[in-house]
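Undergrad: Quick one: the structure is below, and I'll ask about it shortly.
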Amino acid sequence: LAEQARAAAHDPATTRDGVTVEVAANAGAPADAAEGRAAGADGVGLFRTEFAFLHRAAAPTEEEQLQIYAQAAAALDGRPLVIRTLDAGADKPLPYLGMPAEANPFLGVRGLRLGLARPELLSTQLRAIARTAAAHDNVKLMFPMVATIDELRTARTLLQQAIEQTRTTPRDGFEVGIMIEVPAAALTAVQLAHEVDFFSLGTNDLTQYVLAAERGNAALAALADGLHPAVLRLVDEVCRAARAHGRWVGVCGELAADPVAAPLLVGLGVRELSVAAPSVAAVKQAVRALDADEAAALAHAALAAESADAVRTLVVSDDGPTG
Ligand code: PEP
Ligand code: MG
């Protein structure tokens, strides 16, 4: 990585024509939030709370969770912290919940589905997040694996109850968003946008569901490609819906760190990229090299490409007006 990128890592990432893209870090623990900050991240765009629930005999209590979330928020000193509610199930089972085994866990009771099936589990977490948001600015909450608007409404009702139970008021900057990682949510984003503040695209799961190719299956790694035009078309759909409602869109899947994806995502309207801390500096440099209007034209061409390889070729052979 160029010395220049490291030096500029703590500056905002602004395109040549003045569009600022927030480059945040993904985190699974408060230490990761601190590491992200040290790497120059503008915040944490995905705090994976399930790590606090794994390898234990029972779920963490509200107080235990509060400590973890508050530590992460403190490490960010007012920068955004997007806390994702428990995304267990499938690849991340919690034995103490005693959930029945499933033939297809990735199509099973995971993410928000699990939280709605075990509302006491989700409500405890929502109280801990509400208390964190009452003590720190810019705490945001997002629900994973939303497929339908009814799930979102039920989750928001539980959140409202949790806030009332804690007798607190979230501070400035508190927002509620959802991950877009199920094709049904992407395709109905125009309705969902009425009821959320932001969308964060989980391209790892979205890609696996769009291409029917399990994300961890090495034999399908080439097929599960987030640059496939079918995935990009859903990203476009989500960005259009968000724009129409004045909502912002981020990407917190692996695609966000792919330098080939940067012009496409920014070109489609993504304004936050959340990546592993070591990728922050390089992603910021990639954003600075862009012109948002040129990126939009390139992204538009990519939507019409016939394959992920064709998209890659398109981006790599596009060297911009300055050559
Ligand atoms: C995703 O699906 O892209 C995502 C960011 O969530 P996770 O990888 O935790 O499933
Ligand atoms: Mg996911």
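Undergrad: Would you mind checking the radius of gyration and Dmax of the chain based on alpha-carbon positions, in Å?
TA: Final numbers for Rg and Dmax: 19.0, 59 Å.
Undergrad: In terms of modelled amide H atoms, which long-range or inter-chain residues lie less than 5 Å from the amide H of Val23?
TA: So Val23 has HN proximity to Ala13, Asp42, Leu273.
Undergrad: So what J values fall out for the range 278-286 if you push phi through Karplus, 6.51 cos²θ - 1.76 cosθ + 1.60 with θ = phi - 60°, rounded to Hz, Gly and Pro as x?
TA: x, 8, 4, 4, 5, 5, 4, 5, 4
Undergrad: Subtracting the Cα-Cα distance from 0.36 nm times the residue separation, let me have the gained length for Ala31 to Asp318 in nm, one decimal. Display every interim value, and only then the final one.
TA: Details: separation 287, 0.36 × 287 = 103.32 nm, distance 3.87 nm.
The Ala31-Asp318 span can extend by a further 99.4 nm.
Undergrad: Still on this model: Using per-residue counts of other Cβ atoms within 10 Å, averaged over each peptide, order 239-252, 179-192, 214-227 from highest down.
TA: By packing density, highest mean first, the sequence is 179-192, 239-252, 214-227.
Undergrad: Please label the shape of the range 47-190 as rounded, prolate or oblate, based on the square roots a ≥ b ≥ c of the eigenvalues of the alpha-carbon gyration tensor (a/c under 1.5 means rounded; beyond that, a/b larger than b/c means prolate, else oblate).
TA: Note, shape of the range 47-190 comes out oblate.
Undergrad: Give the shape of the range 30-86 as rounded, prolate or oblate, defined through the alpha-carbon gyration tensor: a ≥ b ≥ c are the square roots of its eigenvalues, a/c under 1.5 means rounded, and otherwise the shape is prolate if a/b is larger than b/c and oblate if not. Please report the intermediate quantities before stating the final value.
TA: Details: a/c = 2.30, a/b = 2.01, b/c = 1.14.
Prolate is the answer for the range 30-86, as a/c is 1.5 or above and a/b outweighs b/c.
Undergrad: Build a GNM of the chain with springs between Cα atoms under 10 Å: which of Asp77, Asp137, Asp205 gets the top mean-square fluctuation?
TA: In this elastic network of the chain, the residue with the biggest mean-square fluctuation among Asp77, Asp137, Asp205 is Asp77.
Undergrad: May I pose another question? Which value, in debye to the nearest 20, describes the size of the charge dipole of the chain about its Cα centre when Lys and Arg Cβ atoms bear +1, Asp and Glu Cβ atoms bear -1, and nothing else is charged?
TA: With Lys and Arg at +1 and Asp and Glu at -1, about 680 debye.
Undergrad: Now for a different question. Is the range 195-323 best put as rounded, prolate or oblate by its Cα gyration tensor, with a ≥ b ≥ c the root eigenvalues, rounded for a/c under 1.5, and otherwise prolate when a/b is larger than b/c, oblate when not?
TA: It is rounded, given that a/c, with a ≥ b ≥ c, falls under 1.5.
Undergrad: In a Gaussian network model over the chain where Cα atoms closer than 10 Å are linked, find which of Asn104, Asn204, Asn26 has the largest mean-square fluctuation.
TA: Asn104
Undergrad: Under 5 Å between amide hydrogens, which residues at least 5 positions from Ala276 or on another chain qualify, with H placed 1.01 Å from N in the peptide plane?
TA: It is Asn26, by chain and number.
Undergrad: Now for a separate question. How tilted is helix 62-76 with respect to the longest principal axis of the chain? Cα atoms for both, answer in degrees (0 to 90, nearest 10).
TA: Relative to the chain, helix 62-76 is tipped by roughly 30 degrees.
Undergrad: While we're looking at this one, here's another question. If I take R0 = 41 Å and measure r between the Cβ atoms of Arg56 and Val190 in this structure, what FRET efficiency does the formula 1/(1 + (r/R0)^6) give, to the nearest 0.05?
TA: Given R0 = 41 Å and the Cβ-Cβ separation, E is 0.55.
Undergrad: Further, regarding this structure: What list of ³J(HN,Hα) values in whole Hz, one per residue of the range 146-160 in order, does the Karplus curve 6.51 cos²θ - 1.76 cosθ + 1.60 (θ = phi - 60°) give from phi, with Gly and Pro shown as x?
TA: Those phi angles translate into 6, 10, 10, 5, 5, 4, 4, 5, 4, 5, 5, 5, 4, 5, 4 Hz.
Undergrad: When the Karplus curve 6.51 cos²θ - 1.76 cosθ + 1.60 is applied with θ = phi - 60°, which whole-Hz ³J(HN,Hα) does each residue of the range 91-106 get, with x for Gly and Pro?
TA: 6, 10, x, 10, x, 5, 7, x, 6, x, 5, 10, 5, 9, x, 6
Undergrad: Which whole-angstrom value gives the distance between the alpha carbon centres of the range 59-93 and the range 114-148?
TA: After rounding, the separation between the Cα centres reads 9 Å.
Undergrad: Right, next: What three numbers, in Å, describe the spread of the alpha carbons of the range 1-103 along their principal axes, ordered from the longest?
TA: Ordered largest first, the range 1-103 gives principal extents of 52, 34, 23 Å.
Undergrad: When the helix-only estimate is applied to the chain (DSSP H runs of n ≥ 4, each -39,500 (n - 2.57), divided by the residue count), what is the mean residue ellipticity at 222 nm, nearest 500 deg cm²/dmol?
TA: When only DSSP H runs of four or more count, the value is -13000 deg cm²/dmol.
A short reminder: the numbers here are calculations on the coordinates, not readings from a lab. None of these values were measured; they are calculated from a predicted model. All Cβ positions, glycine included, derive from the backbone under ideal geometry; neighbour counts span all protein chains shown.
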